[in-house]
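The values are calculated or read from the model by the stated rules, or taken from the named source; none is laboratory data. Treat the numbers as computed from the prediction; the structure is a model and nothing was measured. Glycine also receives a Cβ, built like all others from the backbone with ideal geometry; neighbour counts cover every protein chain displayed.
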């Protein structure tokens, strides 16, 4: 994930990873657009770390994950619901018919934000994004990430 994990036990069932939080702070406080891939074994707290970190920051935090055994329409609808919740105060957005158009919607939404607005993104592009092959979904995500790096 970030290399060696450093753990501090604060209370039972609550763990703070100080070394990883410092890395997140460095990326968050950067004046440039940044991209960070957080990876590791299942169930070690990657998503918790990211969500917990961004919950205390002034930024738009976008978190999306697939729906277990969801249809193509359900996957896209859930993703668009997250776009709606984070960027449009819950006002519904039309659900595009392809992942390409979904990521285009997200690109246009982010591009329309003030350049000073920070955005945190935690997405799980796994086989749960069904309806298009994993490779096809990845082909949509990579240009989106490149675009985000060039927006700010």
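A few notes on this one:
- Meets criteria (touching a strand residue (DSSP E or B) at 6+ places or on another chain (Cβ under 9 Å) and more than 19 Å from residue 112 (Cα to Cα)) for residue 45: yes
- Test: residue 31 is assigned to a loop (DSSP other than H, G, I, E, B), over 19 Å from the mean Cα position of the chain (by Cα) and modelled with pLDDT of 85 or more: yes
- Total residues in the range 66-83, condition in a loop (DSSP other than H, G, I, E, B), within 18 Å of the chain's Cα centre (by Cα) and crowded, with 16+ Cβ neighbours inside 10 Å: 1
- Exactly one residue among 53, 2, 87 is farther than 20 Å from residue 114 by Cα, surrounded by 16 or more Cβ atoms within 10 Å (Cβ to Cβ), at pLDDT 85 or above and in contact with a helix residue (DSSP H, G or I) (Cβ under 6 Å, 6 or more places away or on another chain), and that residue is 53.
- Residue check for residue 94: assigned to a loop (DSSP other than H, G, I, E, B), under 30 Å from residue 17 (Cα atoms) and assigned by TED's automatic domain parsing to the domain that holds residue 118: no
- Test: residue in the range 45-63 that is touching a residue at least 12 places away in the same chain (Cβ under 8 Å), outside any loop (DSSP other than H, G, I, E, B) and over 14 Å from the mean Cα position of the chain (by Cα): no
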